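Report on the following structure.
A short reminder: the numbers here are calculations on the coordinates, not readings from a lab. Just so it is clear, the structure is predicted and the values come from calculations on it, not from any experiment. Glycine gets a Cβ as well: all are built from the backbone with ideal geometry, and neighbour counts include every protein chain shown.
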Amino acid sequence: MTAEVAVLNSVGVALAADSAVTVGLEAGKIYTSADKLFQFSSYAPVGVMVYGNASLLGVPWETIIKSYRIHLGGRTFPFLEDYAQDFIRFLRNSKQFFPAKSQRGEFHAVVRGYFTFVRERFEQLIREEYDKGNRLTESQASQIFANLVTEELESTRKWPPLEGLPLQFTDRIRTAYVRDINSVAQKVFQKLPMSRITRGRLVDTMVEVVTHERLLQREQHAGVVVAGFGDKEHFPQLSEHVLLGILGGHPLHCRGAEASIAGQEAVVIPFAQREMVMTFMDGIDPDLRENIERSTGELFKALAKVIVDEVRKKYAAYGAKLEKSIMVGLDKVLKELYDNWSEVRRKGYDDPVMEMVASLPKDELGIMAESLVSLTKFKRRISKQHETVGGPIDVAVITKGDGFVWMKRKHYFAAEMNPRYIARVTKWSD
């Protein structure tokens with residue numbers, strides 16, 4: 001996991017990232033020397049942070065980003081988003097990084113994970129029927145599975161489609177990978193009875209999953225946060241894209257956070273592990289806030305039920321009518337209460353902080369970004385949770401005039417022992 005923060009005002013943008021990386025999902029081995037913050041261009045004032053999966057189809061992000069920087073060369077773009085889109089095109093054309101074999105292997109992992117989820121849901125439904133005392137025939141079990149697959153297909157299609165996929169991409173994926181899908185289905189579902197129609201819908205569902213944002217529910221994805229200035233932009237911008245894989249030669253991605261500064265404005269955006277930054281900004285832990293709102297709603301509704309039940313004892317018809325009107329009114333009252341709490345948090349905590357951030361000089365932007373990452377790092381260190389945020393914190397500040405400037409940067413080597421490296425980097429910079 002990761003903790004990263006971007007702090008923007010009219011002066012520039014500060015980026016800060018920790019160095020912890022978890023190797024092996026089961027072993028959970030944590031190292032604290034990963035690079036997650038990079039200079040995106042050797043010439044333009046643009047930086048990039050990555051979080052989530054440490055690689056894309058097994059290729060480390062450091063290799064991909066530094067190769068893109070060489071590919072970009074001296075080219076610059078009028079707007080920051082142009083850099084993000086050019087990077088997506090670079091991924092699309094990087095067959096040397098993402099050969100068809102790697103794409104197929106990753107697709108198999110996605111299909112296996114999703115079909116395992118479907119099988120577990122089916123088994124849960126069967127257990128529920130047995131708990132009710134129902135003894136199902138093979139035909140009835142087959143119908144339950146068919147209904148589940150239809151439900152999955154319909155719900156997946158309601159998710160927004162992924163960005164930038166060409167026309168007929170869904171049909172192409174179905175044609176190219178139908179045998180792969182059926183092969184994995186055979187291994188996961190084994191002798192589970194299903195009709196030809198259900199098997200076809202299972203294929204359709206899988207194709208829809210990998211072309212819609214439902215794929216975000218899979219843990220293996222990465223965020224790419226590009227920040228800085230385009231040639232025509234005088235205030236900093238930020239654009240986040242979530243990369244979910246490469247399939248059929250096309251990056252599977254969708255947009256995340258966006259920020260655009262104009263005048264005396266400021267933005268603080270946390271990425272990955274966000275709870276400590278949100279606690280600092282809002283004055284309350286987000287999980288605690290959610291629990292308070294939920295329990296408050298449950299309390300009000302429980303009280304309303306007690307009142308309605310007492311009325312029903314004497315006036316049954318009126319009690320039913322009263323219950324309906326109370327519940328409608330209660331939803332409105334709760335919404336107003338939650339909105340009021342949000343307003344208090346905004347005026348008492350968020351707004352005062354943002355007013356100060358809007359006037360911070362560039363060095364203080366970097367200090368703030370680093371401090372916010374340190375909060376999460378400290379919380380992980382003194383809690384019973386795994387230290388998934390840790391190690392040195394890299395910090396960079398990007399301004400229109402000075403470009404990309406490192407404030408803090410770790411090295412895995414001693415600079416004095418590597419004069420050739422320093423000379424080589426200096427030559428590139430010149």
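In this calculation the C-beta distance from VAL23 to LYS321 is compared with R0 = 51 Å, giving a FRET efficiency of 0.25. Put a dot 7 Å past the Cα of ARG312, heading toward its Cβ, do the same for ILE197, and the two dots end up 4.0 nm apart. Extension gain, TRP341-ARG420: 0.36 nm per intervening residue step, less the Cα-Cα distance, totals 22.6 nm. In segment 284-354, a dipole from Cβ-located charges (positive for Lys and Arg, negative for Asp and Glu) runs towards its positive end, and of LEU303, ALA316, PRO286 it is ALA316 whose Cα lies farthest in that direction.
Using 1/(1 + (r/R0)^6) with R0 = 35 angstrom and r between the beta carbons of ASP285 and LEU330, what's the FRET efficiency to the nearest 0.05? Write out the running numbers ahead of the final one.
On the way: r = 26 Å, r/R0 = 0.75.
Once the sixth-power term is evaluated, E becomes 0.85.
Note on segment 112-215: dipole from Cβ charges, positive end direction compared against VAL149, GLY113, ILE197; the farthest Cα belongs to ILE197.
Would segment 284-354 count as rounded, prolate or oblate if I go by the C-alpha gyration tensor, calling it rounded below 1.5 in a/c and otherwise prolate when a/b exceeds b/c, oblate otherwise? Walk me through the intermediate numbers first.
Working: a/c = 5.46, a/b = 2.93, b/c = 1.86.
Prolate.
Ranked by the mean number of other Cβ atoms within 10 Å per residue, highest first, peptides 362-369, 151-158 order as 362-369, 151-158. Which entries of LYS29/LYS384; LYS301/LYS347; LYS132/LYS187; LYS377/LYS410; LYS301/LYS332; LYS66/LYS101 have Cα-Cα distances beyond 21 Å here? Violating the 21 Å Cα-Cα cut-off are LYS301/LYS347; LYS132/LYS187; LYS66/LYS101.
For segment 213-248 versus segment 131-188, the spacing of their alpha-carbon centroids is 28 Å.
Could you work out the relative contact order of the chain? I mean the mean sequence separation of Cα pairs under 8 Å and 6+ apart, divided by the number of residues, in percent.
30 percent
Given axes a ≥ b ≥ c from the Cα gyration tensor, I'd like to know whether segment 136-182 is rounded (a/c under 1.5), prolate (a/b larger than b/c) or oblate. Working shown, then result.
Values: a/c = 5.01, a/b = 1.86, b/c = 2.69.
Oblate shape, in that a/c is at least 1.5 and b/c is the bigger or equal ratio.
Expected output is a single nm value to one decimal: the length gained when fully extending between VAL353 and GLU219, i.e. 0.36 nm times separation in residues minus the C-alpha distance. What is it? Before the final figure, lay out the partial values.
Working: separation 134, 0.36 × 134 = 48.24 nm, distance 3.27 nm.
Stretched out fully, the VAL353 to GLU219 stretch lengthens by 45.0 nm.
Tell me whether the chain comes out rounded, prolate or oblate; compute the Cα gyration tensor, take square roots of the eigenvalues as a ≥ b ≥ c, and use a/c under 1.5 as the rounded threshold. Taking the square roots of the gyration eigenvalues as a ≥ b ≥ c, the chain is oblate. When only alpha carbons of segment 116-195 are considered, Rg and Dmax amount to 15.7, 50 Å. Here each label is just a point 7 Å from Cα along the line to Cβ, and for GLU123 and GLU163 those points are 3.8 nm apart.
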